[in-house]
Each structure stands twice: as structure tokens, then as C-alpha cells.
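Student: Handing you this structure, nothing more for now.
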Ligand SMILES: [Zn+2]
Ligand SMILES: [Zn+2]
């Protein structure tokens, strides 16, 4: 398992890659554009190509994931917001593709009470439109649907829901899943013992399918199990705890994946010590299984 970290691109994409390497991450996750603004990406084609080349040539950072804008809500019952969201997703995916990312992680959004079944056709259309808009000639960047913490009518709070979205979108091979440990915990899915972690992996296998699982977001939780809130904590300092994370990280079926930290650190995101801690927790998980 490769340990990664979300890195900020305030000083540019290539400096963000360098920062990831500096803190010991083998994988980086970067926002394709400012995460809380509709304003499209400021990165031109040459900047994206420059990043792609820098990452390919990098001695220690082996892949990049991108994270889509938080404002996107593909499930919105508001047609104006739904349209903006579709356009924004398409732009995000083009940027991720340009960067050579292994996936664009996306929060599907909230149906705001209209219901999953009502929202589903709009979600599917938006995903298909974005995938079709990007040239899929060689190495297409998949959209990775992230499991939700379950707050406020969010779509994707269970693997059954994620599977239904993927299936309704024609089971396109460019659709995958990103598993966030904090969101799992907050949505009331247990995984803190080896038996629970095994049951979770079986659940994923029986719903979205293990081949769809492309990365993990490795976060402890500020809120209690089942609290339905998206609140990340540093590894070992939250309600899941190091032992609770080890059982899942040590699972043999997950060893080919990247586990990307999105922890607060001291306020500026993952630090070197957070990456070290994550590796210890993973190693403890491997020991637990051997
Ligand atoms: Zn996310
Ligand atoms: Zn996440």
C-alpha cells in the first residue's frame, strides 16, 4: 500500500508535487481548481503538461489523484445549480486528465430531500456527459465516486447507492470508487476489527465490485461512529483510532491501493509526521494479518 497525502497547490502544481515528496508521500492528491469557487481552473495546457511530465519523471511520487470542486452537486433538484455542476465536473475532469491523474475524486452531492431515485437520472447524465466530453483515446482518467459521510441527503452514503449510480451509468469502466475511512465511520459502517474489515471488503465486492475501488482516503474522525458528519482528524487522535484503522489497512485485498491522507495536520494539511504515522498504522495492520 502506498501512503499519499492531499497537497495544496497555492504556489502551483509542480511545487505541490515537491511538497508531497518532501513530507514523504508516495502519492499526491491535488484540487483541480479552487475547491470552493466556480471559477474554472487557471491552469493552461502547458502547465498541465508540465505537471504531467514532472510527475512521470518523479523518483518517489508514483501517482497523482485529483479532487473535484466541493460546490459540485450532481443530485441538485435546482436546475441552475445542476447545470453549473455538470459544466464544472466536465472542466474538472479535463484538468485531471491533463495532469495525468489516476482518478478524479468526486462527492456526488445531495438531493436535498427530493430522494435518491428522483436525483439518479440527473446524476447519471452528468457523469456520462463529463466522461464523453474528455478524449478517452489512450489513458482515460476515471471519475471516482467517494462514499459520503451521510449528512443532509447526500448521495453515496452506502455502497448499494454507489453501485446503483455506476450501474445506471452503463457500468462505464471509467467510473470507480474512492473509499474514505472517516466517511465510512460517520455513516455507520464498522471496520475497526479484522472481522468487520473483512465484512466491509466483502460488502464492497458484492456491490460496486473490488475492481472499481481505486483509492482510499485515510482519515481519523472528529465525530462519533454514525454521526453522519464529514470531520477529519489526524491519524490516532480521533474516534476510530490507530488500531481501528489498522484492521482495514492490513487487508490483503487493498494492498495495491494508495491511501491518501486528508488530515488537518497542524491546520495546513498532512505533515511528514502524519505520513510516518500512517505508515506505522498500515504496518501494524500487516502484522495483524500475518
Ligand atoms: Zn472528498
Ligand atoms: Zn475524502
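We did not get these values from a lab; they are worked out from the coordinates using the rules stated. Just so it is clear, the model here is predicted, and its values are computed rather than measured. A quick note on method: Cβ atoms are made from the backbone with ideal geometry, for glycine too, and the neighbour counts reach across all protein chains shown.
Student: Post the alpha-carbon centroid distance, the range 185-222 to the range 88-121, in whole angstrom.
Tutor: Going from one Cα centre to the other spans 21 Å.
Student: Pick from 14, 27, 143: which is most flexible by mean-square fluctuation in a GNM of the chain where alpha carbon atoms under 10 Å apart are linked?
Tutor: Highest fluctuation among the options: 14.
Student: Could you work out the relative contact order of the chain? I mean the mean sequence separation of Cα pairs under 8 Å and 6+ apart, divided by the number of residues, in percent.
Tutor: 17 percent
Student: As an exercise, find the ratio Rg/Rh for the range 1-135 from alpha-carbon atoms, using the Kirkwood inverse-distance average for Rh.
Tutor: 1.02
Student: How far apart, in nm, are the 7 Å Cα→Cβ label points at residue 195 and residue 83?
Tutor: 5.5 nm
Student: Just want the ordering: 43, 70, from fewest to most Cβ atoms lying within 10 Å of their own Cβ.
Tutor: Ascending number of Cβ neighbours within 10 Å: 70, 43.
Student: Please give the FRET efficiency for residue 118 paired with residue 289, using the beta carbon to beta carbon distance and R0 = 35 Å, rounded to the nearest 0.05.
Tutor: Working from the Cβ atoms, E equals 0.25.
Student: What is the order of 90, 95, fewest Cβ neighbours within 10 Å to most?
Tutor: 90, 95
Student: With N residues in the range 2-289, what two-decimal value do you get for its Cα radius of gyration over 2.2 N^0.38 Å?
Tutor: 0.93
Student: Highest GNM mean-square fluctuation, the chain, Cα pairs closer than 10 Å: which of 237, 220, 180?
Tutor: Of 237, 220, 180, the most mobile in the Gaussian network model is 237.
Student: So how do 288, 89, 162 line up by other beta-carbon neighbours within 10 Å, fewest first?
Tutor: The order, fewest Cβ neighbours first, is 288, 89, 162.
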